[in-house]
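Right, one structure below, let's go through it.
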Amino acid sequence: MEHYLGVARAQGVTEEEIGAVQSVVMAVSAGKVRAQFREVRSRNRQ
């Protein structure tokens, strides 16, 4: 991750833009984990 952040900064990506992308990645990741949790929970109820 640090490598890619370094490359992004070298290409002129701002910290604000990096932060925005990180926010989206975190939201998508949280949604995926929540969906997996619901799937496991529904399997255990059957």
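Throughout, read-outs are computed from the coordinates displayed, never taken from laboratory work. Fair warning: this is a prediction, and the values are worked out from it, not measured in the lab. Cβ atoms come from the backbone with ideal geometry, glycine included; neighbour counts cover every protein chain shown.
Once you have the Cα-Cα distance between Ala35 and Glu16, take 0.36 nm times their residue separation minus that, and quote the gain in nm to one decimal. Present the calculation step by step, with values, prior to reporting the outcome.
Details: separation 19, 0.36 × 19 = 6.84 nm, distance 2.89 nm.
Extending this stretch completely gives an extra 3.9 nm.
Can you give me the orientation-averaged projected area of the convex hull built on the Cα atoms of the chain, in nm²?
Values: hull surface 14.5 nm².
So the Cα hull casts an average projection of 3.6 nm².
Please name whichever of Ala8, Val25, Gln36 sits farthest to the positive end of the charge dipole of the chain, dipole taken about the Cα centre and charges placed at Cβ: Lys and Arg +1, Asp and Glu -1.
Checked the options; the winner is Gln36.
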